[in-house]
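Colleague: Handing you a structure now.
What follows is calculated from the coordinates using simple rules that are stated; it is not laboratory data. Just so it is clear, the model here is predicted, and its values are computed rather than measured. All Cβ positions, glycine included, derive from the backbone under ideal geometry; neighbour counts span all protein chains shown.
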Amino acid sequence: QVQLVESGGGLVQAGGSLRLSCAASGRTFSSNSMGWFRQAPGKERVFVAAITWSSIYTYYIDSVKGRFTVSRDNAKNTVYLQMNSLKPEDTAVYYCAFVTRIDSRWYNVFDTWGQGTLVTVSS
């Protein structure tokens, strides 16, 4: 149904920045909200941010507000996550997905996950 490829991760020092990219294929990209999730070592995958197809609305968990910015380029079928002022607790594998919100919870619309991209923030 869909294929997602994340990229842009790496090793940075606390306070640094990274820009993650997610290229989507297999269906109409602009008709869906897109989101980012992350999974820290030994932890479950959790929602981080989302953006609607028109880019008018964005959503973030409290811990990344003011530091992360989600954006998208529908012509390129790509969604981005600009991460500034990175902290060691941001260390995780980051995944993108088509998302929907139900009862204040964000869900992956399809049972599809890419390999993710690893972000490591050193202190």
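Colleague: Toward the positive end of the charge dipole of the chain, about the Cα centre and with charges on Cβ (Lys, Arg +1; Asp, Glu -1), which of Pro41, Gly116, Thr100 goes farthest?
Modeller: Ranked along the dipole, the leading option is Thr100.
Colleague: Considering all alpha-carbon pairs of the chain, what whole percent are spaced by more than 25 angstrom?
Modeller: For the chain, the fraction of Cα-Cα distances above 25 Å is 16 percent.
Colleague: Ratio of segment 34-82's C-alpha Rg to 2.2 N^0.38 Å, to two decimals?
Modeller: Dividing the Cα radius of gyration by 2.2 N^0.38 Å gives 1.19.
Colleague: Then there's this: By a straight-distance test (C-alpha under 29 Å), which lysines pair with Lys87 as possible cross-link partners, with residues fewer than eight away in the same chain excluded?
Modeller: Within reach: Lys43, Lys65.
Colleague: Another question, if that's okay. Below 15 angstrom from the Cβ of Ile51, what's the summed charge of the other residues (Lys, Arg +1; Asp, Glu -1)?
Modeller: Net charge in that neighbourhood comes out at +4.
Colleague: I would also like to ask the following. Quote the relative contact order of the chain in percent (integer), defining contacts as alpha-carbon pairs under 8 Å separated by 6+ residues.
Modeller: Result for the chain is 35 percent.
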